[in-house]
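K.L.:
Here it is: the structure, laid out below.
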Amino acid sequence: MINFEQDLKDSVETLRKGGIILYPTDTVWGLGCDATNAAAVAKIYSIKKRDDSKALIVLAATERDIMQYTAAVDLSLFDYLETTERPTTVIYEHGIGFAENLTAEDGSIAIRLCKDEFCRSLIKRFGKPIVSTSANISGEPTPASFDAISTDIKNQVDYIVQYRQDDTTPQQPSSIIRWKDGKVEIIR
């Protein structure tokens, strides 16, 4: 059994090489890669058989990460996020420094501040935000646990995290919001 620390090291090494990881997030199991590496992002679209016009979510570890990779953040948003119980992804108007095939056509980017211990540790060690998209073929149901992930997906990634594979607690995707003029617009 690989331990937490070894999983982090192996995941970071895979991400640095432009690889794809299958990992537990604060919501569902996800496919992840370096959010600044266009070739790695393209691999995720290919694995998911997803049109690259459908933007992917990015995970960040700190508010500072958000401010570094977006323009003109309304700081009151962070106060709002402190009050949410469910993991919440925010669509920011202007993503900066991300792979060009990751941002939406209008330049926006969906980012979630991750509270999960493994994800936060991974992002901090890697030193950059990472992509997080559900570990399923586009259009198919989102797997509720590791065991529900298809063999096809598992066979296409470069590293599969061992941590929490035996956790069968049903998980659900994050809520998605847009923050405009100090008000929440709920997308999902």
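The values are calculated or read from the model by the stated rules, or taken from the named source; none is laboratory data. As the structure is a prediction and not an experimental result, all values here were calculated from the model. With ideal geometry, Cβ positions are generated from the backbone for all residues, glycine too; neighbour counts draw on all protein chains shown. In case anyone asks, the SASA skips ligands and DNA or RNA and just uses the protein heavy atoms, side chains included. Shrake-Rupley method; radii C 1.70, N 1.55, O 1.52, S 1.80 Å.
K.L.:
Express the carbon and sulfur contribution to the solvent-accessible surface of the chain as a percent, rounded to the nearest whole number, probe 1.4 angstrom. Numbers along the way, then the final one.
P.N.:
Details: 4360 of 9210 Å².
Accessible surface attributable to carbon and sulfur in the chain totals 47 percent.
K.L.:
Next up: So, in Å, what gap is there between the alpha-carbon centers of region 116-174 and region 11-38?
P.N.:
Going from one Cα centre to the other spans 9 Å.
K.L.:
Here's a follow-up. Taking only protein heavy atoms and a 1.4 Å probe, what accessible area per residue, in Å², does region 12-154 have with all protein chains in place?
P.N.:
Result: 43 Å² per residue.
K.L.:
Also, I was wondering about something else. May I ask you to list the chymotrypsin sites (Phe, Trp or Tyr not before Pro) in region 119-188 that are in a DSSP loop and have at most 14 other Cβ atoms within 10 Å of their Cβ?
P.N.:
Nothing satisfies the criteria.
K.L.:
Size of the dipole of region 29-74 about the Cα centre, Lys and Arg at +1 and Asp and Glu at -1 on the beta carbon, nothing else charged, in debye to 20?
P.N.:
In total the dipole reaches around 320 debye.
K.L.:
Let me ask something else about it. Return a whole-number percent for the relative contact order of region 21-90, with Cα pairs under 8 Å and 6 or more residues apart as the contact set.
P.N.:
For region 21-90, the relative contact order is 18 percent.
K.L.:
Over the chain, what relative contact order in percent results from Cα pairs under 8 Å that are six or more residues apart?
P.N.:
The value is 33 percent.
K.L.:
May I pose another question? Starting from the Cα gyration tensor of region 1-95, multiply each eigenvalue by 5, take the square root, and state the resulting semi-axes largest first in whole Å.
P.N.:
25, 18, 13
K.L.:
When the chain is treated as a GNM, springs tying every alpha-carbon pair under 10 Å, which of Gln171, Gln68, Gln156 comes out with the largest mean-square fluctuation?
P.N.:
Looking only at Gln171, Gln68, Gln156, the largest GNM fluctuation is found for Gln68.
K.L.:
Now, a different point. Once the principal axes of the Cα atoms of region 47-188 are found, what is the range along each, listed largest first in whole angstroms?
P.N.:
Dimensions of region 47-188 along the principal axes of its Cα atoms: 44, 30, 29 Å.
K.L.:
What does DSSP give for the chain in terms of the percent of beta bridges that are antiparallel, rounded to the nearest 5?
P.N.:
65 percent
K.L.:
Connecting C-alpha atoms closer than 10 Å in a GNM of the chain, tell me which of Ile130, Ile149, Ile44 has the biggest fluctuation.
P.N.:
Ile149
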